[in-house]
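S.K.: Pasting a structure below so you can have a look.
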Amino acid sequence: MAVMTCREAINQAIVEEMERDSSVFILGEDVGLYEGSFKVTRGLLARFGETRVVDTPIAEAGIIGMACGAAMGGLRPIAEMMTVNFAIVAMDQIMNSVAVARYMFGGQVSVPMVIRAPGGGGNQLGAQHSHSLEALFLHCPGIRVIMPSVPADAKGLLKSAIRSEDPVLFLEHEGLYAVKGEVPEGEHLVPLGVAHIKRRGSDLTLISLSKMVYVCLEAAERLAEEGIEAEVIDLRGLNPLDMTLVMESVARTGRALTVEESWLTGGWGGEICARIVEDGFDLLKKPVLRLGGADVPMPYNRMLEQAAIPGVQDVIARARELF
Amino acid sequence: MTLKNDCFRLGASELMRIYRDMVRIREFEEACPALYSQGKMGGFLHLYSGQEAVGVGVAHAMHREDFMVSAYREHGLILAKGTPPGPVMAELFGKVTGVSRGKGGSMHMFDAERRFMGGYGIVAGHLPLAVGLGFSILYRESDEVVVCLFGDGATNQGVFHEAMNMAALYKVPVVFVCENNGYGIGTSVGRASSVEQLYKKSCAYETPGSRVDGMNVLEVYDAVRQAINRAREGAGPSYIEAVTYRFRGHSISDPGTYRSEQERKMWKERDPIPNFSRWLIDQGYAGEAIIQGIVEEERALIAKAIEFAEKSPDPDLEELWTDVYADA
């Protein structure tokens, strides 16, 4: 298996799907000639030409609306938002057009498109370029929300997303683009909505996704030194939400902690905790707990930014509360 | 108003179909308020009465395989595109036989077969969708065209300008038709737009803009057909402002206090339907009896549509959960 970065794995998925299906094309700000602001789309323009690698004006609502119309017209657009914060500019299109079209029109139309958007903190980009906004989209039925943590999943999930008949919001973490891992060659598909146990453990279930998976894994190693064996689940996405695996794990451990980079208030951790309590109260040895980002706009200062994002020590401290 | 048929020289049968389609829409729309009062329909009800010459002129200039996308005042437009009145009425009744299976309602009709690609309720939100449909046509190297209709209020939204820019940039085969009926709900064009002649707004994008009398069905037809021909030949988008008037309120619940009686009367005299029927008679295309016969036939057709809607079942409660996603 080849070892590559998340960035390369995403690029490979796009290339393979564009080779496989001529209706797949990519559009977005600086995706072509500039090869992407995070260089994810490197080489695409040279390989596929301007018809299939479309540089757009800085007009996020226009981009998402155009992609939606193209999808209705039989194509499979991949629309890149430069950061997820910019996707808010297109929120009307995402929530009022993309997500609702199939239902609102009685099942007569599909919108098979992918919106790729990087996000997340850690690079001192401040309050308009580094939030984690997955909870906003989780709230809206009709659109899938996928968030890979490792290169192999980035490739396999993106390929599945491109083939999905549903619109998919594919959220990449800026802090993971350079992370390396083994990636299967060719036809590697990871189904949407299937969570993955990254570490086995019997005492506690840590539920996370994207970059927080790495934080949880490190915390789990430290907790093991204290005699606490934590199971780490990578949800790999929030819609579809794999509660089956979560509940199986909680049934074994009796303790659950959600760990998200997004704002704690109204975040996805609350949704998962509520479901655990609703469906598995009797399984619990302790009340469920949440850990999330500080409820503040992302600050610029490095120390403040680090304090706003859950770290290994935060996970450990919260986990200890369960014992 | 002067009706002229010297541009495309439409034959008698086409002219009579144009008349019939306008009558159909008027009969359909004028049947609705009573049904609404009886509680047969819910939600908003934006009627098209008065604007028929725009929708019908547009639809007749289109090929069957061309796409139409519109805002939420679209009963008349989906009928003009050829959808039978039964499923349109059934949608207003919220029935499962409706064009959107009772899940869209007055503002969200869709007919994939006839390429009516939806009525949308966020002002100007559907304009970029039209650009995308146009892009898909270029991508497939096909020769269809998209006609996108919207109201005067849409031209003040940011996304109108994004769509106009991107349409011109990618040279998509899209004809934008602004139905300027003078009011965005209760706010007149002059109180909402710094430019009152709305066709001028396309000049910033070097897209040809023109203004037509939206009460004159042949003038609308000529302008739209020329724009469609242009788009089909690969010359890109155009923008037509059709100046028109809605005879009823913004929606069924609108008392219309913001429009003067004198203004209404003036526009009523410009009613596109009697003006066109007089012209048909004057030009010798039809006699009074045929004109009246068409009205009666269409009235009967709408009565049947109401009966169809009435007798149709509501969606099963399970439909609540269908079509949220592709696999369910």
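Where a number appears in this text, it was derived from the coordinates with a stated rule and is not lab data. Note that the structure is predicted; figures quoted are calculated from it, not measured. Don't worry about glycine lacking a Cβ; one is built from the backbone with ideal geometry, like all the others, and counts go over all protein chains shown.
S.K.: Please list log₁₀ I(q)/I(0) at q = 0.07, 0.08, 0.11 Å⁻¹ for the protein assembly as shown, using the Debye equation with identical point scatterers on the alpha-carbon positions.
M.R.: -0.51, -0.65, -1.05
S.K.: With +1 on each Lys and Arg Cβ and -1 on each Asp and Glu Cβ, and nothing else charged, work out how big the dipole of segment A:130-250 is about its Cα centre, in Debye to the nearest 20. List each step's numbers first, then the result.
M.R.: On the way: 11 positive and 19 negative charges, 63 e Å.
So the dipole magnitude of segment A:130-250 works out to roughly 300 debye.
S.K.: All other residues with a Cβ under 12 Å from the Cβ of A:His188 taken together, and with Lys, Arg as +1 and Asp, Glu as -1, what is their net charge?
M.R.: Details: positive: A:Lys155, A:Lys159; negative: A:Glu16, A:Glu17, A:Asp153, A:Glu182, A:Glu185, A:Glu187.
Neighbourhood net charge equals -4.
S.K.: Right, another one. Run down the lysines and flag those whose C-alpha is under 25 Å from the C-alpha of B:Lys171, throwing out any fewer than 8 positions away in its chain.
M.R.: Counting by Cα, and skipping residues close in sequence, B:Lys171 has these lysines nearby: B:Lys81, B:Lys200, B:Lys201.
S.K.: Tell me, what is the FRET efficiency for B:Arg232 and B:Thr2 to the nearest 0.05, using R0 = 30 angstrom and their Cβ-Cβ distance as r?
M.R.: Values: r = 28 Å, r/R0 = 0.93.
With a Förster radius of 30 Å, E is 0.60.
S.K.: Still on this structure: Would you mind checking which residues have amide H under 5 Å from A:Ala59's amide H? H placed 1.01 Å from N; only 5 or more apart, or other chain.
M.R.: Excluding prolines and chain starts, which carry no amide H, there are no hits.
S.K.: Moving to a separate point now. Where does chain B land at 222 nm, in deg cm²/dmol rounded to the nearest 500, when only DSSP H runs of n ≥ 4 count, each adding -39500 (n - 2.57), divided by all residues?
M.R.: On the way: 11 runs with 139 residues, N = 328.
Taken over chain B, the calculation gives -13500 deg cm²/dmol.
S.K.: If you take every DSSP beta bridge whose two residues both sit in the protein assembly as shown, what share of them, in percent to the nearest 5, is antiparallel? List each step's numbers first, then the result.
M.R.: Working: 12 of 66 bridges.
Percentage antiparallel, nearest 5: 20.
S.K.: Under a crude label model (7 Å from the Cα following the beta-carbon direction), how far is B:Glu30 from A:Asp295 in nanometres?
M.R.: So the label points at B:Glu30 and A:Asp295 sit 5.8 nm apart.
S.K.: Work out the FRET efficiency for B:Ala303 and B:Arg191 from their Cβ-Cβ distance, taking R0 = 41 Å, and round it to the nearest 0.05.
M.R.: So, using R0 = 41 Å, E works out to roughly 0.50.
S.K.: For A:Val54, enumerate residues with amide H under 5 Å from its amide H, sequence gap 5+ or separate chain, H modeled in the peptide plane.
M.R.: When sequence neighbours closer than 5 places are left aside, the close amide H contacts are A:Ile26, A:Leu27, A:Gly28.
S.K.: Could I ask something else about it? Indicate the helices, whole DSSP H runs only, in chain B that combine a mean Kyte-Doolittle hydropathy of -1.0 or more with a Cα extent along their long axis of 20 angstrom or more.
M.R.: On the way: long enough: B:12-37 (39 Å, -0.23); B:217-232 (22 Å, -0.16); B:288-311 (35 Å, 0.21).
The qualifying helices are B:12-37, B:217-232, B:288-311.
S.K.: Percentage of Cα-Cα pair distances in segment A:2-183 greater than 26 Å, rounded to whole percent? Mind showing how you got there, number by number?
M.R.: Working: 3616 of 16471 pairs.
The share of Cα pairs beyond 26 Å in segment A:2-183 comes to 22 percent.
S.K.: In Å³ and rounded to a whole number, note down the convex hull volume per residue for the Cα atoms of segment B:101-181.
M.R.: About 96 Å³ per residue, rounded to a whole number.
S.K.: Nearest-5 percent of antiparallel DSSP beta bridges in segment B:38-187?
M.R.: Values: 2 of 13 bridges.
Counting DSSP beta bridges with both partners in segment B:38-187, the antiparallel share is about 15 percent.
S.K.: Could you name the lysines whose alpha carbon sits less than 24 Å from that of B:Lys40, not counting residues in the same chain fewer than 8 places away?
M.R.: Correct list for B:Lys40: B:Lys95, B:Lys103, B:Lys304, B:Lys311.
S.K.: On to the next question. So how strong a dipole does chain A carry about its Cα centre when Lys and Arg Cβ are +1 and Asp and Glu Cβ are -1, to the nearest 20 debye? List each step's numbers first, then the result.
M.R.: Working: 29 positive and 42 negative charges, 34 e Å.
Dipole of chain A, to the nearest 20 debye: 160 debye.
S.K.: Now a separate question. Place a point 7 Å from Cα of B:Glu206 in the direction of its Cβ. Which residues in segment A:29-63 have their backbone N less than 17 Å from it?
M.R.: It comes to A:57, nothing else.
S.K.: Diagonalise the Cα gyration tensor of chain A and give the resulting equivalent ellipsoid semi-axes, square root of 5 times each eigenvalue, largest first, whole Å.
M.R.: Values: eigenvalues 218, 83, 73 Å².
In descending order the semi-axes read 33, 20, 19 Å.
S.K.: For chain B, calculate the relative contact order in percent as a whole number, restricting contacts to Cα pairs under 8 Å that are 6 or more residues apart. Walk me through the numbers before you get to the answer.
M.R.: Working: 615 pairs, mean separation 78.5, N = 328.
Normalised by residue count, the contact order of chain B is 24 percent.
S.K.: Eigenvalues of the Cα gyration tensor times 5, then square-rooted: what semi-axes does that give for segment B:52-134, in whole angstrom, largest first?
M.R.: 19, 15, 11
S.K.: Then there is this: Count the DSSP beta bridges whose two residues both fall in segment A:196-320, then state the antiparallel fraction as a percent rounded to the nearest 5.
M.R.: Numbers: 3 of 15 bridges.
Counting DSSP beta bridges with both partners in segment A:196-320, the antiparallel share is about 20 percent.
S.K.: With the calculation restricted to Cα positions, what are the radius of gyration and Dmax of segment A:196-320 in angstrom?
M.R.: Computed over the Cα atoms of segment A:196-320, radius of gyration and Dmax are 13.7, 44 Å.
S.K.: Work out how much length B:Glu296 to B:Glu263 would gain on full extension: take 0.36 nm times their residue separation and subtract the Cα-Cα distance, in nm to one decimal. Present the calculation step by step, with values, prior to reporting the outcome.
M.R.: On the way: separation 33, 0.36 × 33 = 11.88 nm, distance 2.98 nm.
That pair, B:Glu296 and B:Glu263, stretches by 8.9 nm at full extension.
S.K.: Next question, about the same structure. Based on the Cα gyration tensor of chain B, what are the three equivalent ellipsoid semi-axes, each the root of five times an eigenvalue, rounded to whole Å and given largest first? Display every interim value, and only then the final one.
M.R.: Values: eigenvalues 148, 131, 86 Å².
Working from the Cα gyration tensor, I get semi-axes of 27, 26, 21 Å.
S.K.: Among residues other than B:Tyr36 whose Cβ falls under 12 Å from its Cβ, what is the net charge (Lys/Arg +1, Asp/Glu -1)?
M.R.: On the way: positive: B:Lys40, B:Arg248; negative: B:Glu29, B:Glu30.
Counting the neighbours of B:Tyr36, the net charge comes to 0.
S.K.: Please turn the phi angles of segment A:99-112 into ³J(HN,Hα) values with the Karplus equation 6.51 cos²θ - 1.76 cosθ + 1.60 (θ = phi - 60°), one per residue in order, whole Hz, x for glycine and proline.
M.R.: 6, 9, 4, 4, 6, 4, 9, x, x, 7, 9, 10, 10, x
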